[in-house]
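So the structure is just underneath, and the comments pick up after that.
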Amino acid sequence: MATTSLKLPDSLKERIAKLAEAAGKTPHAYMVEAIEQEASRGEKYQAFLAEAEASWQEYQKTGIAYAAEDVHAYVRAKLRGDTLPELVPVKRDR
């Protein structure tokens, strides 16, 4: 395992120490967990952006997408617990 040194302001060190103690962890374990969670969040966000870009490229190529009003009706039905309407993709006019 690699060693990394972090220089933290005293006020942040104190906050971390209090939070770590309340969580039953050492400050080191608390910081490692926080960094792991943030790294995971960043990776998920990057994957989300990549998927959005791929979807956009596919739409640009095919012109096929779901109509916004159909998607809105689907989401409203899902929130109400109703039977979900079928979503049918449509091709935009060029």
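Only the coordinates and a few stated rules stand behind these numbers; no lab work does. Computed from a predicted structure; not experimentally measured. Because the Cβ atoms are built from the backbone with ideal geometry, glycine has one as well, and the counts that use them run over all protein chains shown.
May I ask for the Kirkwood hydrodynamic radius of the range 9-62, worked out over all distinct Cα pairs and given in angstroms to one decimal? List each step's numbers first, then the result.
Details: mean 1/r = 0.0734 Å⁻¹.
Result for the range 9-62 stands at 13.6 Å.
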Please sort 16-26, 80-90 by packing, taking for each peptide the average over its residues of neighbouring beta carbons within 10 angstrom, highest first. 16-26, 80-90
Enumerate the calculated ³J(HN,Hα) couplings along the range 52-59 in order (Karplus 6.51 cos²θ - 1.76 cosθ + 1.60, θ = phi - 60°), each rounded to whole Hz, writing x wherever the residue is Gly or Pro. 4, 5, 4, 5, 4, 4, 5, 5
So, how do all the Cα-to-Cα distances of the chain break down into 10 Å bins, in percent, from 0 on up? 13, 22, 20, 15, 19, 11, 0
Quote the charge dipole size of the chain about the Cα centre in Debye, to the nearest 20; the model charges only the Cβ of Lys and Arg (+1) and of Asp and Glu (-1). 120 debye
Subtracting the Cα-Cα distance from 0.36 nm times the residue separation, let me have the gained length for Lys91 to Arg15 in nm, one decimal. 21.9 nm
